[in-house]
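The values are calculated or read from the model by the stated rules, or taken from the named source; none is laboratory data. Please read all numbers here as calculations on a predicted model, not as lab measurements. Virtual Cβ from ideal backbone geometry, glycine too; neighbours counted across all protein chains shown. Ligands, DNA and RNA are excluded from the accessible area calculation, which covers all protein heavy atoms including side chains. Shrake-Rupley method; radii C 1.70, N 1.55, O 1.52, S 1.80 Å.
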Amino acid sequence: MANVGYQLERFGLVIVWLLVIAIFGGLKPDTFLTWSNFSSIFGSEAVLVIVTLGLIIPLTSGDFDLSIAQTLTFTSMLTALLSARMGVPIGYIIPIALAAGALIGMINGAITLYFRVHSLIVTLGVGTFLHGITLWMSDSQTISGVSRVLMQYVIIQRVFGIPVSFYYAIVLAALVWYVLSYTAFGQQLLFTGRGREVGRLTGVAVNRVRLTAFVVSGMLGALAGILYTGTTGSANPTSGTTLLLPAFAAAFLGATCIKPGRFNAWGSVIAVYFLVTGINGLSVLGFRTFVHDLFYGGALVLAVMVSQLVSGRKERTL
């Protein structure tokens, strides 16, 4: 019975997701239960999946990265400016944007570690600073005219009707899953997040692990920015702001399934599409845009409560 209970806990969110699909499908079968609707759900949220995967790396090591959404916006704007205004080929822009994301992560990590400031404060300040730079770079305007080459490899090419950006996100989730589950770095991240002093005593280079987590998070934020620009063909100076709350909601909700009590890649992917399915279903039923904030905000509070309950129960059983 205990094993059955554990399996229900692992796949509970998947079961609820299927129930949500069944409910909305029963209410609006002609609109909701169509392949075009599901391909839209899967293809439109690759950016959110990557931002969520970027968040769970520092969260596993016990740190927050509130700047990841603004890193997305900054690198999206950088990509658009280099492509549309300066004519730089996309092949050169991608490494530049990723390097910018790594630099932002390094700044976050350096200030957090060497000045011993909480990551919540540091990344909030760095994110706000980045937002200011983005507004200055763009003159608070949307930059369009990005090379069609980027759009070709992000949104135009499709497999089974779903944009290739979805498959990039799935491949990235598999990579994050492998790193967190089967590599020494993944175990060191986990030890660092569970107890830094214990980690130090067992030989883990805690500061180096935390710094690496911030750098990886910054690079994934930059990758999300590149894909965002390829999805829309432009860069908006406020584009990333709306993604921070959904990404945190998905990260904590994902920690309640697949590997309950632990931030994990597949749980995060399932959580993103569970949330997006709910939003999509409510939109199909005619609810207005305010349900986005209600749904994401409620999901974040509920997910944090459940993940804390699961974590607490696991600690008591150890």
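Counting only residues that are over 19 Å from the mean Cα position of the chain (by Cα) and part of a helix (DSSP H, G or I), segment 137-188 holds 14 of them.
Residues of segment 249-269 that are part of a helix (DSSP H, G or I) and crowded, with 20+ Cβ neighbours inside 10 Å: ALA249, ALA250, ALA251, PHE252, LEU253, GLY254, ALA265, GLY267, SER268, VAL269. Tell me, please, whether a residue that is open to solvent by less than 40 Å² (accessible area, probe 1.4 Å), in a helix (DSSP H, G or I), of a type outside the set (S, T, N, Q) and farther than 17 Å from THR242 by Cβ can be found in segment 65-78. Yes, the conditions are met somewhere in segment 65-78. Of the residues making up segment 1-14, those that are farther than 16 Å from VAL269 by Cβ and either at pLDDT 85 or above or in contact with a Lys or Arg (Cβ under 9 Å, 6 or more places away or on another chain) (or both) number 0.
Against the condition of a type in the set (Val, Ile, Thr), part of a helix (DSSP H, G or I), surrounded by 22 or more Cβ atoms within 10 Å (Cβ to Cβ) and in contact with a strand residue (DSSP E or B) (Cβ under 7 Å, 6 or more places away or on another chain), how does THR192 come out, does it pass? Talk me through it step by step, then tell me what you get.
Details: of a type in the set (Val, Ile, Thr): yes; part of a helix (DSSP H, G or I): yes; surrounded by 22 or more Cβ atoms within 10 Å (Cβ to Cβ): yes; in contact with a strand residue (DSSP E or B) (Cβ under 7 Å, 6 or more places away or on another chain): no.
Against the criterion (of a type in the set (Val, Ile, Thr), part of a helix (DSSP H, G or I), surrounded by 22 or more Cβ atoms within 10 Å (Cβ to Cβ) and in contact with a strand residue (DSSP E or B) (Cβ under 7 Å, 6 or more places away or on another chain)), THR192 does not qualify.
Between GLY221, GLY230, which is crowded, with 20+ Cβ neighbours inside 10 Å, modelled with pLDDT of 90 or more and more than 19 Å from VAL176 (Cα to Cα)? Of the residues listed, the single one that is crowded, with 20+ Cβ neighbours inside 10 Å, modelled with pLDDT of 90 or more and more than 19 Å from VAL176 (Cα to Cα) is GLY230. Run down ILE56, ILE41, ILE21 and say which single residue is more than 30 Å from VAL122 (Cα to Cα), part of a helix (DSSP H, G or I), open to solvent by less than 10 Å² (accessible area, probe 1.4 Å) and among the aliphatic types (A, V, I, L, M). Just a single option satisfies the conditions, and that option is ILE41. Among residues of segment 186-212 that are on the phi < 0 side of the Ramachandran plot, those with a beta-carbon under 8 Å from a residue that is surrounded by fewer than 14 Cβ atoms within 10 Å (Cβ to Cβ) and among the hydroxyl-bearing types (Ser, Thr, Tyr) at least six positions away or on a different chain give the pairs PHE191/THR202.
Only one of VAL204, VAL117, VAL198 is outside any helix (DSSP H, G or I), modelled with pLDDT under 90 and farther than 22 Å from ILE50 by Cβ. Can you tell me which?
Working: VAL117 fails: modelled with pLDDT under 90; VAL198 fails: outside any helix (DSSP H, G or I).
Every option except VAL204 fails the conditions.
From the set of residues in segment 108-140 that are surrounded by 19 or more Cβ atoms within 10 Å (Cβ to Cβ) and among the aliphatic types (A, V, I, L, M), which is farthest from LEU150 (Cα to Cα)? The qualifying residue farthest from LEU150 (Cα to Cα) is VAL122.
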